[in-house]
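Report on the following structure.
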Amino acid sequence: MSDTHAQTVAFVRHTEIPPAPPPPGQTGAVKWMRENLFSGPFNTIMTLLGVYIVYTLVVGIFPWIANGVWGVDNIRECREITQGNGGACFAVIEQRWQQLLFGFEYPSSEYWRPTFAFVLLFVAVAPVLFLNLPRIMLAFTGIYPFLAYFLIWGGTILIPITALLGFVVGYFAFRRLERNSFAAGLFGAVAAALITWWVTGFLVQAAPNFLALPEVASRNMGGFMLNMILGTVCVSLSLPIGIALALGRQSHMPIIKWICVIFIEFIRGVPLITLLFVANVVLAYFFPPETSLDLILRVIIMITMFSSAYIAEVIRGGLAALPRGQYEAADSLGLDYAQATRLIIMPQALKISIPGIVNVAVGLFKDTTLVSVISMFDLVGMIRGPILSSTDWAGVYWELWAFASVLFFVVCYGISQYSQWLERKLQTGHR
Amino acid sequence: MNETAAMQVSDEVAIDIQGMNKWYGTFHVLRDIDLTVFRGERIVICGPSGSGKSTLIRCINALEEHQQGSITVDGTLLSSDLKNIDTIRSEVGMCFQHFNLFPHLTILENCTLAPIWVRKTPKKEAEETAMHFLEKVKIPDQALKYPGQLSGGQQQRVAIARSLCMRPRIMLFDEPTSALDPEMIKEVLDTMIELAEEGMTMLCVTHEMGFARQVANRVIFMDAGQIVEQNEPEEFFNNPKSERTQLFLSQILGH
C-alpha cells in the first residue's frame, strides 16, 4: 500500500492478489513444540519439571502393576510372593469380584439377572441418547424399568405388569380428559391409575407365584449394582422433575412458584448426607407403623429430590439465557404455552444446560456411594465393611480403592464424552 | 401505484382500536389511541424512539397487555380470554427487528412448525406451503440450513415466510430493517412491497421513508405515546401539519 501514496491518492486495483502459503517454520510439530513447550526459560523449566513428575509416577506405579499377584486366597500368601518387590495384590479383586459387583447377600445362582438387566440397560438408553435410532425403540425404553425391576428383585411377573398397566390406564385417562382441562386430565389419570392398582392388587395376591423368579429383598442388594441402580433411577427421575421445578419457578401462578422456590432452596441448603439419614431413620416416623417403605425406595426419593433441585437451577440458567424474542416469536405464531415450551424453549434451554446437567449427573452418580454411611453395602460399603474387615483381606487398601476408582471413572468419563459429542452434534451455527 | 393501492382498500374493518391506554408500572406509554385499519390498508407508523410505536403494534397481537380501551381484530375482541388471544395470534403475522427465528430448527422446520402444531396441517402439506412461500421470498435453496448459516437479510425474509405460512390476514412489522446492513435492507423491502401489492393488510413500524412513500396509503406519526398526525404519504411528507412532525421529518430527511 505504501507505494500507492507515493504519486497519488487515487488507486484502482486491476489484478487480484492470489493466496500464498505461509512462510516456512510457521507450521508443523517443531513450531508447535517451540510455541507450547519451550517458548521461554520459565516455560522450559515447567516442561522439564512436568516430564520429571510424569516419569516418577510411571516408575513408581509400574512395578506395582507389573508385579501384581493374581490367583491366591488371602493377603498372607500374597505378601509371601511379593516379598517387598512392591507388587500389588490384585487377587482380592479376583476373589471378591462377585461381592464387589453384587454385594454379599445376593444369591449367586441369580447373578445372571442383574447382569442381563445391565446389558438391556444399554438397549433401553440408546434411543434416548442417540436421536437417529428408530423411534420404535422407545417402546422398549418405556417397558425397561418394569422389566429391570422384575429381573433384579424377582417375585411374580404380575407386579411389574400391573404397575405398567396402571401407568398405561392413567395415560389414556389423561389423553381423554385433557381436552376438558389439564387439571382434570391430571387428577383423572392419577385416580384411574390408583383404581387399576387397587383392583389388580387382588390379582397379585391371588397368584403370588405366577411366573415368579426367586425373590431378592432390597436389603440384599449391594456392590456396584446398587450404585448403578441408584444412579440410573435417580438421574432419570430427577431430569423431568428438575425441568418441572425450573418451569414452576418461572410460573406466573404465585402458589406454584413459591412451592418450587421453597422446595429448591430448602433442598439445596441441606447436605445430602442429612437427607440420607432422614431416609434411613426419621422417615419411618411419618408412616403408620405397619407400613414399611422399602429402604432403597426411601433413599431413591431423597437422592432424587436432592439432584432434581440442582438440575432445576441448572435449567433455570438455560431458560434465563434464552432471548425474550424466542418467547415472543412462539407467542406471535399462536403456539400455546405447552407447545412453545416443548418445541421452542426447552430444546434450546436444555442444550445450553447440557454441561451443567452432566455435571450434576456425574456428581450424583458418585454421591450414591454415600449410602455406605447408612449401612447399605454398595461398592464402597462392601470394601469398607465385609472385605476389609475379613481376616483374609484386611489391609489391601490400594488395590480395592483403585478398582472402585476405575469402575466409577469409566462410567463418569463415558457420560462426559457422550455429553461433549452431543454438544457438538447439536451445534447449529448460531452463537 | 398509490391509486391502484387505494382501490384495494375495502371498507371492511380489520383492526379497530378504541380509547386504548397502556401503562408500564406508572409510566403512561400509550395514551387514548383510536385507530381503525381497513382490510387491505398499508400503514406506516413512525416517530422518535420511545414514542410507543412498537408497543402499539405489539398490543394488537397481545404480546403486550393494554389496561384500558378495546382492541378488536377481525371481529374478535382482545380480552384476557386465552382462546381469543390464540385466535387473533393465528390470524395476525408478525416480523421482529431481530428476526427471532428458532435457531435449533432448520429454515423449513421454522416455517412448518406453527402450521403443523397450531393449524394441525399434515406435515407434507405444510412443507409444500413452506416451500411455496420460501420461493416467494426467493430463498428456497436454503430450506435445509439453520438460521445461523444465513445472512441477516435472508433471515428476515425467512421470518416473513414463516409468518405467511400461517396464512395471516394481517401482518405486523416491528422495525424489520433496523438491524440489517444497508446492502440487505433492499431485499427485505422488496419482499414487503411485493406483499403489499398483493393486498395484504400491513402495519409497519419503520424509518424507511422511501418505502412509506411507495407503499403506504396512510402514515401515522407518534410521539410521547400519542398519535400526533396521520395522513396520506404525499401530504404527510410534503405538508406536515404539526410542529413536532415537521421537526421529526427535518431530522430524518435532513441529510
Could you list, in sequence order, the residues of the stretch B:177-187 that are out of contact with any helix residue (DSSP H, G or I) (no Cβ under 6 Å at 6 or more places or on another chain) and either touching a residue at least 12 places away in the same chain (Cβ under 8 Å) or of a type in the set (D, E, K, R) (or both)? B:Ser178, B:Ala179, B:Asp181, B:Glu183, B:Ile185, B:Lys186
Residue count, the stretch A:393-420 (criterion: open to solvent by 40 Å² or more (accessible area, probe 1.4 Å) and outside any helix (DSSP H, G or I)): 1
So which pairs qualify, if the first residue must be in the stretch B:226-237 and in contact (Cβ under 8 Å) with a residue 40 or more places away in the chain, the second must be open to solvent by less than 50 Å² (accessible area, probe 1.4 Å), the Cβ gap must be under 6 Å, and the two must be at least 6 apart or on different chains? B:Ile227/B:Ile220; B:Val228/B:Phe221; B:Val228/B:Ser242; B:Pro233/B:Ala212; B:Pro233/B:Ala216; B:Pro233/B:Val219
Pairing a residue in the stretch B:188-216 that is open to solvent by 10 Å² or more (accessible area, probe 1.4 Å) and basic (Lys, Arg) with any residue that is modelled with pLDDT under 90 and not in a strand (DSSP E or B), where Cβ atoms lie under 8 Å and the two sit 6 or more apart in sequence or on different chains, gives B:Arg213/B:Pro233; B:Arg213/B:Glu234; B:Arg213/B:Phe237
The stretch A:304-382: helices (runs of 4 or more DSSP H) wholly inside it with 1 or more residues that are within 27 Å of A:Val278 (Cα to Cα) are A:346-367, A:379-382
What's the number of the only condition in (1) open to solvent by 80 Å² or more (accessible area, probe 1.4 Å); (2) in contact (Cβ under 8 Å) with a residue 40 or more places away in the chain that A:Asn132 fails to meet? (2)
Considering only residues of the stretch A:421-431 that are in a loop (DSSP other than H, G, I, E, B) and open to solvent by less than 90 Å² (accessible area, probe 1.4 Å), which is farthest from the other protein chains (Cβ to nearest Cβ)? A:Leu426
Name the single residue that is least open to solvent (accessible area, probe 1.4 Å) among those in the stretch B:121-153 being facing chain A (nearest Cβ under 10 Å) and not in a helix (DSSP H, G or I). B:Leu150
Which of the residues spanning the stretch A:290-342 are open to solvent by less than 30 Å² (accessible area, probe 1.4 Å), touching a residue at least 24 places away in the same chain (Cβ under 8 Å) and of a type in the set (Gly, Ala, Ser)? A:Ser307, A:Ser308, A:Ala309, A:Ala312, A:Gly318
Wholly enclosed strands (runs of 3 or more DSSP E) of the stretch B:175-255 bearing at least 3 residues within 18 Å of the chain's Cα centre (by Cα) and not charged (D, E, K, R): B:201-205, B:218-223
Residues being at positive phi and open to solvent by 20 Å² or more (accessible area, probe 1.4 Å): count how many of those fall in the stretch B:217-236. 1
Looking at A:Glu94, is it surrounded by 10 or more Cβ atoms within 10 Å (Cβ to Cβ), in contact (Cβ under 8 Å) with a residue 40 or more places away in the chain and among the charged types (D, E, K, R)? no
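The values are calculated or read from the model by the stated rules, or taken from the named source; none is laboratory data. Computed from a predicted model, the values in this text were never measured in an experiment. Cβ: placed from backbone, ideal geometry, glycine included. Neighbour counts: every protein chain shown. Ligands, DNA and RNA are stripped out before the accessible areas are found, and what is left, the full protein with its side chains, is counted by its heavy atoms. Shrake-Rupley method; radii C 1.70, N 1.55, O 1.52, S 1.80 Å.
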